[in-house]
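None of the figures in this text is laboratory data; all of them are computed from the coordinates on show. Note that the structure is a prediction, hence the values are computed from the model and not measured. Heads up, the Cβs are rebuilt from the backbone with ideal geometry, glycines too, and the neighbour counts pull from every protein chain shown.
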Amino acid sequence: MARITGEDLIDAAITEVFDAVADERNEPRYNPRIVRAEMLTHEPVGAGSRFVAEPKGMGARGRMVLEMVEYQRPHRLHNVICSSYAHAHGTLTFAETDGAAHGCGGTWAMRLVGPMRVLTPVLVFVGPRWERRNWVDLKNYLEGPSR
């Protein structure tokens, strides 16, 4: 298992940041590495919600299913993600600091499965960069002029 963390300060209301992250359908708007995401369960988003997302360049083979196992708006999410090549679970926390939402990637535990499993130790090196990039992309999206 590789442990991955990341965080950033985002100048937006804590509820706006939480809601953007909690609804996986938003991820293609700020993460260029996700080309599509859809909700598999009924509205509203909450504990038990399930989504499917497709990473860029992976097609159906890369299909990831995300299940939200904990939903404490606007402070905490716990997600489980499974795909044909990886399993991950992580807790994301959100706290307000001087009017800015502080989004924290928390701790993700991730492992590769199948033939890819031998590369799991590599995640220790590349995972933090991916996580950091996700938070920076979210920050740019929520703080950008198009919002």
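Structure notes:
- Ordered from longest to shortest, the equivalent ellipsoid semi-axes for the chain are 24, 17, 15 Å, each the square root of 5 times a Cα gyration tensor eigenvalue.
- Cβ-Cβ FRET estimate between residue 132 and residue 76, R0 fixed at 22 Å, reported to 0.05: 0.60
- For the options 17, 35, 126, a Gaussian network treatment of the chain with springs between C-alpha atoms closer than 10 Å singles out 126 as fluctuating the most.
- Within a Gaussian network of the chain (alpha carbon springs, distance under 10 Å), most fluctuating of 121, 44, 32: 44
- Three-way shape call for region 5-56 based on the alpha-carbon gyration tensor, with the a/c threshold at 1.5: oblate
- Chain lengthening between residue 5 and residue 39 when straightened (0.36 nm per residue, less Cα-Cα): 9.7 nm
- Considering only 94, 15, 64, and ranking their Cα positions along the charge dipole of the chain that arises from unit charges at the beta-carbon of Lys, Arg, Asp and Glu, the one farthest toward the positive end is 64.
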